[in-house]
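Taken together, the values in this text are just the output of simple stated rules run on the coordinates, not laboratory data. Only a predicted model underlies this, so the values are computations on that prediction, with no experimental measurement involved. No Cβ is skipped: glycine too gets one built from the backbone with ideal geometry, and neighbour counts run over all protein chains shown.
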Amino acid sequence: MKEIISEDFKDALLLATDPDASEEYFPEYVAPFWQDQKLVATEGHIMLAIDEEVALQYVSKDDYEHLAKPNINALLHRFLDTGDCDLTRDELERAIGLVPKCDYGDCEECKGSGQVRVNYRVHGGQLYALNADCPVCSGTGRVYLDPRKKVPVDKFPMLLDGQYFRSGMMYKILQIMKLLGIDDMAYLAPGELSGDGYVPIGFRYKTDRGDIYIAVMPNGIDEGKAFWHYNKCLRKKDAVKIKLTPNGKKDDDDPEIPW
Ligand SMILES: [Zn+2]
């Protein structure tokens with residue numbers, strides 16, 4: 001694992017949460033939390049789970065609450081640990097590079113809110129602080145993106161091991177891998193197919209002090225429906241394929257079989 005700093009570590013966790021989720025109904029989505037010797041961040045479609053000993057190098061126990069739900073170990077146990085394929089960061093970066101880019105994005109000045117705080121001093125000397133429309137984006141919260149800062153559209157379909165995933169989720173995984181200095185992760189195939197046919201897949205990265213897991217939920221494709229904000233109707237064949245790399249070994253934990 002590369003030398004990573006606490007800020008990058010926390011940023012990686014935040015990528016997997018949804019700070020706008022309802023605190024009342026989905027407290028587990030709002031902020032990272034501890035559960036069963038793991039630090040967990042999730043927003044329902046993606047989950048980052050990090051063994052406590054790894055996490056405590058970058059955060060303290062007091063930084064996050066302990067939450068009993070969702071049951072992380074039950075989810076992780078659904079994965080088949082075949083351990084013979086990897087997802088490499090290079091491959092994910094290549095595939096994400098093929099996803100169309102957003103023309104518009106959040107305004108950096110007002111962080112997408114459209115509002116800024118300004119101070120105004122009247123002639124008598126009294127100082128007032130008030131909200132105003134952000135001058136950079138005219139209060140819309142959105143700006144035309146510099147070509148170098150364009151990000152992939154969120155809802156483009158990507159195909160991995162026979163299931164379709166939203167490009168936005170895969171882009172988050174790429175960003176998390178970069179922040180945590182991960183070059184490749186072991187692919188954990190889904191176990192039994194559930195009734196609706198969608199099953200989460202997972203990835204595992206081993207460190208000396210413990211493991212880092214990323215799990216992600218697939219999405220269905222509505223053939224013939226516009227899949228993202230462009231008017232183009234996408235089909236399954238339009239999906240960008242993400243290739244797994246055979247790593248030539250079975251499970252790391254398997255003892256050598258004596259012949
Ligand atoms: Zn703005």
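Among the residues of region 142-159, some residue qualifies, meaning at least one is within 16 Å of the ligand (Cβ to nearest atom) and in a loop (DSSP other than H, G, I, E, B). Screening region 67-139 for strands (runs of 3 or more DSSP E) wholly inside it with 1 or more residues that are within 16 Å of the ligand (Cβ to nearest atom) returns the ranges 104-106, 115-121, 127-133. Checked against the criterion of being under 29 Å from CYS134 (Cβ atoms), in contact with a Ser or Thr (Cβ under 8 Å, 6 or more places away or on another chain) and outside any strand (DSSP E or B), the candidates TYR58, TYR29 yield just one match: TYR29. Number of residues in region 90-114 that are in contact with a Cys (Cβ under 6 Å, 6 or more places away or on another chain) and under 26 Å from ASP238 (Cβ atoms): the value is 0.
So that you can scan it fast, the table gives a plain yes or no per residue for (1) more than 21 Å from PHE79 (Cβ to Cβ); (2) surrounded by 21 or more Cβ atoms within 10 Å (Cβ to Cβ); (3) hydrophobic (A, V, I, L, M, F, W, C):
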site	(1), (2), (3)
ARG121	yes, no, no
ASN131	yes, no, no
ARG142	yes, no, no
LEU145	yes, no, yes
GLY162	no, no, no
ARG166	no, yes, no
LYS178	yes, no, no
MET185	no, yes, yes
